[in-house]
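There's a structure below that I have some questions on.
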Amino acid sequence: MKAIIKTALTGAFILLLSFQATAQSSKYKCMLQMSNYMGEGAYVVVSLINAKGEYEKTLYVMGDDKKWYNSLKEWYKFNSKKPSNISAITGASVTGGDRSITTIEIENSKINHGYKLRFESAVEDQKYHVNDVEIPLTTAGIAAKSEGKGYIRYVRLSKI
């Protein structure tokens, strides 16, 4: 009988830990609308930037050919120093006028604590935009439509 109770309590504890782990972050649908530019597909990287303005984590990469990652200059410096396996968060590049819908996961502890999302963009043989879009990770910032300064027309996030 004690073994059954011990097993049940262990199972309940594991279930509680897995629930707590998933409750620590939220998923957001990220809709990115590109401007009508001429040229190749844009490579876009979405990064978590801390309150000091430093890269903390890569959340998504649009563009799967690694030979072009160095065109995203600031992110590439960060990723070269702290390489991570980004294959699970990589998708196709996005061309002028297209729309991309992806899902990104953000830790709840980053909201309303000085963090922001940075969307960097680059197109072959064209200008590089280190801050094409920056979204403050605040309740209001996440809910707002954020206008781009380069190849990105705008970005909208919505909690899933």
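Can you give the net charge of the other residues whose Cβ lies under 14 Å from the Cβ of G114, counting K and R as +1 and D and E as -1?
With Lys, Arg at +1 and Asp, Glu at -1, the neighbours total 0.
How big is the charge dipole of the chain about its Cα centre, in debye rounded to the nearest 20, if each Lys and Arg gets +1 on its Cβ and each Asp and Glu gets -1 on its Cβ? Walk me through the numbers before you get to the answer.
On the way: 22 positive and 15 negative charges, 127 e Å.
Computed charge dipole of the chain: roughly 600 debye.
Here's a follow-up. Taking the Cα atoms only, what angle lies between the long axis of helix 2-23 and the longest principal axis of the chain, rounded to 10 degrees?
With both axes taken from Cα atoms, the answer is about 20 degrees.
Further question on the same structure: Within the P(r) computed for the chain, what percentage of the Cα pairs occupies the region above 18 Å? Could the numbers behind the result be given before it?
Details: 7736 of 12720 pairs.
Counting pairs separated by more than 18 Å, the tail of P(r) holds 61 percent.
Return the calculated 222 nm mean residue ellipticity for the chain, to the nearest 500 deg cm²/dmol, obtained by summing -39500 (n - 2.57) across DSSP H runs with n ≥ 4 and dividing by the residue count.
It lands at -7000 deg cm²/dmol.
Nearest 0.05, what FRET efficiency do E56 and E124 give at R0 = 35 Å with Cβ-Cβ as r? Show your work: numbers first, answer last.
On the way: r = 28 Å, r/R0 = 0.80.
Between E56 and E124 the formula returns 0.80.
Which of the listed residues, Y43, V123, Q24, is farthest toward the dipole's positive end in the chain, when Lys, Arg count +1 and Asp, Glu count -1 at the beta-carbon?
Checking the options against the dipole of the chain, the answer is Q24.
What distance in nm separates the two pseudo spin-label positions at K149 and Q24, each 7 Å out from Cα along the beta-carbon direction?
Label-label distance for K149 and Q24, simple model: 3.4 nm.
Structure shown: which of K127/K159; K67/K145; K81/K110 lie over 30 Å apart, alpha-carbon to alpha-carbon?
K127/K159; K67/K145
Oh, and also: Which of the peptides 128-139, 112-123 is most tightly packed, and how do the rest follow, going by the mean number of other Cβ atoms within 10 Å of each residue?
Working: 128-139: 18.1, 112-123: 21.5.
Ranking the peptides 128-139, 112-123 by packing returns 112-123, 128-139.
Bear in mind that the values in this text are calculations on the coordinates, not laboratory data. Since this is a predicted model, take the numbers as computed values, not measurements. Using ideal geometry, Cβ is built from the backbone for each residue, glycine included, and neighbour counts are taken over all protein chains shown.
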